[in-house]
Amino acid sequence: MAELTFFCGKMGAGKSTRARTLADRDDVILISEDAWLAGLYPGQVQSLEDYLRCSAALMSQIKPLVQSLLVAGVDVVMDFPANTVRQRGALKAIADEVGAQHRLQVIDTPDQVCLERIRQRALDDPSRQATDTESMFAATSAHFTLPSASEGLRVG
């Protein structure tokens, strides 16, 4: 049975790095929210509100693609945040609706390490300077919640 993997971790925690590592196998498809947002909405994600709007529009299109892959027996790694109960529920539903397995990986990285990584990313990739900031980290972290057993998630 195909499996959908997604990640919980603050901005800069290492979700994308872990996603790329997991997707290095030949039989796994990696779908990166950052790459799709940059391609579909270049320069449009400048605030948390922009991100939420663009991310919701993207998810409505990505969901049927991921479900088709899962039904075809292809494992999918979604480098999309699962940092709130709502985000985790939406990602879990993608798998549940087609009878696929899911797995949530929780990446717990200290805030100072996350902030240093964010600063470095903004230096390495100037296109990220508007979003990879301490204020965006604070804004997104304010909504961050660790998963609980009541969410019915396969964590590991």
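The values are calculated or read from the model by the stated rules, or taken from the named source; none is laboratory data. Note that the structure is a prediction, hence the values are computed from the model and not measured. Cβ: placed from backbone, ideal geometry, glycine included. Neighbour counts: every protein chain shown.
Look at PHE137 and say whether it is out of contact with any Lys or Arg (no Cβ under 6 Å at 6 or more places or on another chain), of a type in the set (Phe, Trp, Tyr) and in contact (Cβ under 8 Å) with a residue 60 or more places away in the chain. Judged against the criteria, PHE137 is a match.
Screening LEU70 on (1) under 24 Å from ASP24 (Cβ atoms); (2) of a type outside the set (S, T, N, Q); (3) without any contact (Cβ under 8 Å) to a residue 40 or more places away in the chain shows it passes everything except condition (3). Among residues of the stretch 14-39 that are without any contact (Cβ under 8 Å) to a residue 40 or more places away in the chain, those with a Cβ under 6 angstrom from a residue that is outside any strand (DSSP E or B) and not charged (D, E, K, R), sequence gap 6+ or separate chain, pair up as TRP36/LEU58; LEU37/VAL45; LEU37/CYS54. Entry remark, the stretch 40-66: residues being small (Gly, Ala, Ser) and closer than 15 Å to PHE80 by Cα number 4 in total. Restricting ALA23, ALA35, ALA2 to those that are over 22 Å from LEU115 (Cβ atoms), among the small types (Gly, Ala, Ser), over 10 Å from the mean Cα position of the chain (by Cα) and at pLDDT 95 or above reduces the list to ALA2.
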